[in-house]
Amino acid sequence: MKDIITKLQKVFDHRVRLGIMSILLVNDWVDFKTLREMLELTDGRLASHLKALEEAKFITIKKQFIGRKPNTSYQATADGKKAFNDHLDALEELLKLRE
Amino acid sequence: MTQHKENPLKTLQEIRQLMERSSRFISLSGLSGVTAGVIALIGASIAHWYIGKVPFQGYDPLTPIRLSSNGIPQIDYLFFFGLASTMLVLAVGAGIFFTTRSAKAKGQKIWDALTQRLLINLCIPLVAGGIFCLAALLHGLIFLIAPSTLLFYGLGLVNASKYTLPDVRYLGLSEIALGLIGLFVPGYGLELWGIGFGLLHIIYGSRMYFRYEYRQ
């Protein structure tokens with residue numbers, strides 16, 4: 001039991017961060033607007049969670065201009081994908097214990 | 001906004017839902033397939049009636065589609081082109097109507113990066129197939145056209161299916177199989193279109209409708 005708990009990543013311990021990682025796991029580059037709409041969040045909330053994931057080096061950021069509008073896209077890093085998959089495995093193990 | 005530290009089941013369900021919603025266009029309506037199929041069957045019937053032939057006689061009804069010696073399209077060519085365009089516009093229109101309705105009900109966007117990716121992947125084999133058929137027409141290889149349209153349409157569906165409901169992949173594989181059979185058994189162009197664009201759409205469309213929409 002203790003073993004499983006240590007596998008749960010503290011960084012992912014929030015619904016928004018789980019949501020961001022879920023989307024980035026199955027899509028390559030996703031821009032800010034799409035993430036905001038998929039997760040139904042305000043700019044500020046989303047930005048703060050993205051920052052936390054970036055600081056953990058679980059996602060990378062690409063800034064570019066589309067016409068004159070700045071556009072920021074996000075991608076999960078290899079580390080991020082591995083950490084998130086481990087986190088999901090741990091969640092699943094927890095479920096099995098309950099059954 | 002709640003944390004699900006104590007409910008990993010709910011967390012996992014939400015994660016699965018987000019992954020699916022963000023990477024697959026699940027709002028594709030089965031009814032658009034059924035309508036497209038009915039329209040195609042009506043179109044095939046009109047074409048058979050126009051050339052005065054009964055289906056499955058073994059005579060290729062598409063042979064009248066041929067440029068005359070001075071390069072001016074014959075009347076049959078214009079008729080078939082007009083009929084096909086009308087059917088296409090009606091079928092695509094119905095598809096957009098039912099799919100928009102289903103997307104609204106599911107809260108999915110009809111025009112975003114995902115649907116664009118879906119359409120681009122559908123169109124790559126379709127455009128290649130269109131050009132191929134144009135070349136076949138110019139070289140007078142009329143018998144290749146009907147099976148090739150099914151073949152390339154099927155390839156387009158298989159290619160696009162990773163961005164939408166998994167059933168689309170099987171529809172695509174069926175179209176490919178039908179097209180390949182048609183290549184070896186020429187002379188049944190209109191019948192092939194009736195089965196491929198008509199019957200298969202109705203079968204897979206109603207299957208999708210009852211599987212994903214009817215109960216919800």
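Read-outs throughout are calculated quantities, based only on the coordinates presented, and are distinct from any laboratory measurement. Computed from a predicted structure; not experimentally measured. Glycine gets a Cβ as well: all are built from the backbone with ideal geometry, and neighbour counts include every protein chain shown.
Of note:
- Dipole axis of region B:68-183 (+1 Lys, Arg; -1 Asp, Glu on Cβ), positive-most option in B:Gly140, B:Val127, B:Leu183: B:Val127
- Cα centre as origin, Lys/Arg/Asp/Glu Cβ charges: region B:114-216 dipole, Debye: 340
- Violating pairs (Cα-Cα greater than 22 angstrom) within the set A:Lys33/B:Lys109; A:Lys81/B:Lys162; B:Lys10/B:Lys106; A:Lys82/B:Lys109: A:Lys82/B:Lys109
- Pairs of Cα atoms farther than 18 Å apart, region B:76-156, %: 57
- When the Cα gyration tensor is reduced to axis lengths a ≥ b ≥ c, the ratio a/c is 1.5 or higher for the protein assembly as shown, and with a/b above b/c it is classed as prolate.
- On the basis of the beta-carbon distance and an R0 of 45 Å, B:Ile131 and A:Glu55 show a calculated FRET efficiency of 0.35.
- When the helices of the protein assembly as shown are scored as -39500 (n - 2.57) per DSSP H run of n ≥ 4 and the total is divided over every residue, the value at 222 nm lands at -21500 deg cm²/dmol.
- Under the span-like rule (Cα at least 30 Å along the axis, Kyte-Doolittle mean at least -1.0), DSSP H helices of chain B: B:30-51, B:75-106, B:113-138
- Estimated inter-spin distance, B:Arg215 and A:Asp86, nm [label 7 Å along Cα→Cβ]: 3.9
- Cα-based shape type of region B:150-216, given that a ≥ b ≥ c are square roots of the gyration tensor eigenvalues and the cut on a/c is 1.5: oblate
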